[in-house]
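Q: My questions will all concern the structure given below.
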Amino acid sequence: MLDELRSKFVANHFEFTKHALDQSILRNITVQELREAMSNGELIEDYPDDKYGPSCLVFGTTKSGRVLHIQCSYPWREIVKVITIYQPDLEQWIDYKVRRK
């Protein structure tokens with residue numbers, strides 16, 4: 001699934017939800033940073049039964065080393081939806097990849 005997601009981002013077959021767009025602006029996350037993080041991303045959580053449709057959480061880093069989490073829809077649709085994007089907090093995550101309990 002991750003290879004399919006990457007292909008969608010390379011081909012510009014993605015769009016932001018209003019929430020994701022708002023969050024990217026508030027958090028000063030650029031489209032280029034999103035692309036960079038997706039290019040080396042790892043799937044860290046899967047939400048097949050999400051109320052808005054199947055989605056997953058991807059961990060990735062930018063060329064400058066900024067860590068990002070990107071929640072997006074599964075790549076089954078022609079256009080992948082970026083649901084939210086943020087810089088994770090180590091107080092809530094172990095190595096940015098596992099949720100603290």
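The values are calculated or read from the model by the stated rules, or taken from the named source; none is laboratory data. In this text, all values refer to a predicted model and were calculated from it rather than measured experimentally. All Cβ positions, even for glycine, are placed from backbone atoms using ideal geometry, and neighbour counts span all protein chains on display. When the accessible area is computed, the model is the full protein with side chains, heavy atoms only, and any ligands, DNA or RNA have been set aside. Shrake-Rupley method; radii C 1.70, N 1.55, O 1.52, S 1.80 Å.
Q: Taking the square root of 5 times each eigenvalue of the Cα gyration tensor, what semi-axes in Å does the equivalent ellipsoid of the range 33-84 have, largest first?
A: 21, 11, 8
Q: Quick one: longest stretch of the chain between exposed loop chymotrypsin sites (Phe, Trp or Tyr not before Pro), exposed meaning at most 11 other C-beta atoms within 10 Å and loop per DSSP?
A: Answer - 1-51.
Q: Mind checking which lysines have their C-alpha under 24 Å from Lys81, skipping anything on the same chain fewer than 8 residues away?
A: Within the straight-line limit of under 24 Å, Lys81 reaches these lysines: Lys8, Lys18, Lys51, Lys63, Lys97.
Q: Can you tell me the dipole magnitude for the chain around its Cα centre, using point charges on the Cβ only (Lys, Arg +1; Asp, Glu -1), in Debye to the nearest 20?
A: Approximately 160 debye in magnitude.
Q: Accessible surface of Thr17 in the full protein assembly, 1.4 angstrom probe, to the nearest 10 Å²?
A: Roughly 40 Å² of Thr17 is accessible to a 1.4 Å probe.
Q: Rank Ile29, Ile79, Met1 by how far each Cα sits towards the positive end of the charge dipole of the chain (+1 on Lys, Arg Cβ; -1 on Asp, Glu Cβ) and give me just the farthest.
A: Ile29
Q: Output the antiparallel fraction of DSSP beta bridges having both residues in the chain, as a percent to the nearest 5.
A: Taking every DSSP beta bridge with both residues in the chain, the antiparallel ones total about 85 percent.
Q: Hey, what number do you get for the chain at 222 nm if only DSSP H runs of n ≥ 4 count, each worth -39500 (n - 2.57), divided across all residues, to the nearest 500?
A: Result for the chain, helices only: -7500 deg cm²/dmol.
Q: Roll a 1.4 angstrom probe over the protein heavy atoms and tell me the percent of accessible area of the chain that is carbon or sulfur.
A: That share works out to 51 percent.
Q: Additional query: So what is the relative contact order for the chain, in percent, with contacts set as C-alpha pairs under 8 Å and at least six apart?
A: 29 percent
Q: Scan around Trp93 for amide H atoms under 5 Å from its own, H built in the peptide plane at 1.01 Å from N, and keep only partners 5 or more places away or cross-chain.
A: Result for Trp93 returns Arg100.
Q: Now for a different question. Per q in 0.10, 0.11, 0.14, 0.19 Å⁻¹, report the Debye log10 I(q)/I(0) for the chain, using one uniform scatterer on each alpha carbon and no solvent.
A: Result of the Debye calculation: -0.23, -0.28, -0.47, -0.90.
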